[in-house]
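Before any comments, here is the structure.
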Amino acid sequence: MSDQSSVRPHAVPFRPGRLLALLAIYLIVVYLVPRPEGVDPTGWRVTGVFFATIAGLMLQPMPGAQIVVIGVTMLIVVGGVSVGRALSGYGSASVWMVLAAMLMSRALRDSGLARRIALLFIRAIGMTSLGLGYALHLTDVTLATGVPSITARSASIVFPIARSISGLYESYPGPSAARLGTFLMTCMYQTSVVASAMFFYSSAANVLLGELAREYAGVTVTWTSWFVAGLLPGVVSSVVVPYAVFRLLAPQLKLTPAAPAFAEDELNKLGPIRGIEGVVLWVFISVVTLWVASSWIDWLSPAVVALLGICVLFITRALEWDNVLGERSAWDVFVWYGGVLMMGGVLNETGVTEVFAIWVGSLFGSVPWGFVLVATLAIYFYAHYFFASTTAHALAMFPSFVTLLVSVGVPPAVAVYSLVFVNNLMAGLTHYGTTTSPVIFVEGYVSLRDWWRMGGLMSALNLSIWLSFGMVWWKVLGLW
């Protein structure tokens, strides 16, 4: 068993018809939709490019990074944006922080440390199938503190281990999947979205949301503020969701004594932590600790912390340059993240979101903000049936939805944190909700019917937990 192979997203074929649809969207927005008062023609063309780019990330006529590069170029050509401004996203500290943290996850895999963490949890609590579910989730939660990719964690590290454990009990895709594999795959995926919701630097989309929160709601999000805001609902979901999956999709095997024995044997083969693995462990703990400290130390930049960590890995040869160049997903994220970050800022400068806020505020009038919050979160959550990326969803809907909530009186911090947590939890709905889900789904352990049924049930469970416990917890924290 090995978890060190890098899982790559499925290749996106070139679809020229869908590319023409993006052009049509731009033309419709710019020439057929009435331009709001307060938005000049140049700003409206920028809006057209923005909507066409978002549609491109949804329709995928070609890989997302290519769509973003085209969008950035069109902002220059038709939107009147200067070259320096259009490329400014690639100079953003948060973009480089995400890149460095994703490269750090490669060192975690290559050194074997990530696998060791999973085996330690399995050895400790994996004597039952439910315990295995918790062990896989705890592995994900541990890595989510600083690995900004659900694919790097769940698909590259946790999934291969879950597959190997299933094999120990001869549970394979097909008739024997119900023995153990169906439960483990469903549990690890449904809990992976909870792990992503609990930590700021658990995904590139979260870092983007942090930038958008500052841009559109004036709320500064840090590693610590995110963690504290999500702590109580996150712990409740971490306890309840695996048990709920166990009850609703019960495995035939309840006791799994071979799993801890297998983990013990594998840990004995690994031996004590030493050499490169020890260096990676020290760097990972140091980086996360300094990220926490950066919440109180203004001059301590999270991006600089991540880059220093990468420098140490380079110097100690814990991370080789050839492996860095081969980490395609990290460079892919760098390209589209820098572009979409800039686009969000440029759109805000056009005044479109301000016009939207004024219009929405006039519609709701005296409606209590709590009612608007619940309705808005439900709409935002279930709109993910139409998205294959939490990042595309965030860029398309977060700016307008957070503006809407603040405009009707929702406290800015409550509006921001409720939306950012929902932006992670909604990925559990479908087998295409994020980059990890197709990797697990195509293995065949979980039927389409079970995947969507559990996605719907867990979505209702998570929403109820994060709204009820969340609102009480945010009241205690003084967010409203």
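Under a 5 Å amide H cut-off, with hydrogens placed 1.01 Å from N, residue 128 pairs with 256 among residues at least 5 apart or on other chains.
The phi torsions of the stretch 103-113, fed into the Karplus equation with coefficients 6.51, -1.76 and 1.60 and a -60° offset, translate into couplings of 5, 4, 5, 5, 5, 4, 6, 5, 6, x, 5 Hz, rounded to whole numbers, with Gly and Pro shown as x. For the stretch 221-284, taking the reciprocal of the average inverse distance between every pair of different Cα atoms yields a Kirkwood hydrodynamic radius of 15.9 Å. Using the alpha-carbon positions of the stretch 348-388, Rg (one decimal) and Dmax (whole number) come out as 12.9, 36 Å.
Calculated on the alpha-carbon coordinates, the convex hull of the stretch 304-456 measures out at 151 cubic angstrom per residue. Taking the helices alone, the chain has a mean residue ellipticity at 222 nm of -23000 deg cm²/dmol, built from -39,500 (n - 2.57) per DSSP H run of at least 4 residues and averaged over all its residues.
Seen from every direction in turn and averaged, the convex hull around the alpha carbons of the stretch 67-114 projects onto 4.3 nm². Local charge for residue 75 was computed over the other residues whose Cβ lies under 14 Å away, with Lys and Arg +1 and Asp and Glu -1, and equals +1.
Using a 1.4 Å probe on the protein heavy atoms, what percent of the accessible area of the stretch 361-480 belongs to carbon and sulfur? It would help to have the intermediate numbers written out before the result.
Working: 3140 of 4290 Å².
Carbon-and-sulfur percentage of accessible area, whole number: 73.
Within the stretch 370-419, the percentage of alpha carbon pairs spaced more than 13 angstrom apart rounds to 53%.
Relative to its Kirkwood radius, the Cα radius of gyration of the stretch 271-312 gives an Rg/Rh of 1.08.
Here, the stretch 85-214 has an Rg and a Dmax of 16.6, 57 Å when only alpha carbons are counted.
So if I take the alpha carbon set of the stretch 1-139, get Rg, then get Rh from the Kirkwood formula, what is the Rg over Rh ratio?
On the way: Rg = 22.3 Å, Rh = 18.9 Å.
Result for the stretch 1-139 is an Rg/Rh of 1.18.
When the convex hull of its Cα atoms is viewed from all sides, the stretch 326-366 shows a mean projected area of 3.9 nm². Where the centre of each part is set by its Cα atoms, how far does the stretch 233-295 sit from the stretch 411-441, in angstrom? Each part's Cα centre sits 22 Å from the other's.
Taking the inverse of the mean 1/r over every pair of distinct Cα atoms in the stretch 219-339 gives a Kirkwood hydrodynamic radius of 18.7 Å.
Using only side-chain charges placed at the Cβ, +1 for Lys and Arg and -1 for Asp and Glu, the dipole size of the stretch 112-225 relative to its Cα centre rounds to 320 debye. Considering all different alpha carbon pairs of the stretch 368-480, the Kirkwood hydrodynamic radius works out to 14.7 Å. Across the alpha-carbon atoms of the chain, the computed radius of gyration and Dmax are 22.3, 69 angstrom.
Rolling a 1.4 angstrom probe over the stretch 170-276 with all protein chains present gives an accessible area of which 63% lies on carbon and sulfur atoms. Considering only the Cα atoms of the stretch 285-392, their convex hull presents on average a projected area of 11.1 nm². Cα centroid separation, the stretch 84-142 to the stretch 341-407: 30 Å. Ligands, DNA and RNA are left out, and with a 1.4 angstrom probe the accessible area of the chain is 39 Å² per residue.
Ordered by solvent-accessible area of protein heavy atoms (1.4 Å probe), largest first, the residues 354, 264 come out as 354, 264.
The values are calculated or read from the model by the stated rules, or taken from the named source; none is laboratory data. This one's a predicted model, so the numbers in the text were calculated from it and none came from an experiment. Ideal geometry is used to build each Cβ from the backbone, glycine not excepted, and the neighbour counts take in all protein chains shown. Surface areas here come from the heavy atoms of the whole protein model, side chains and all, with no ligands, DNA or RNA. Shrake-Rupley method; radii C 1.70, N 1.55, O 1.52, S 1.80 Å.
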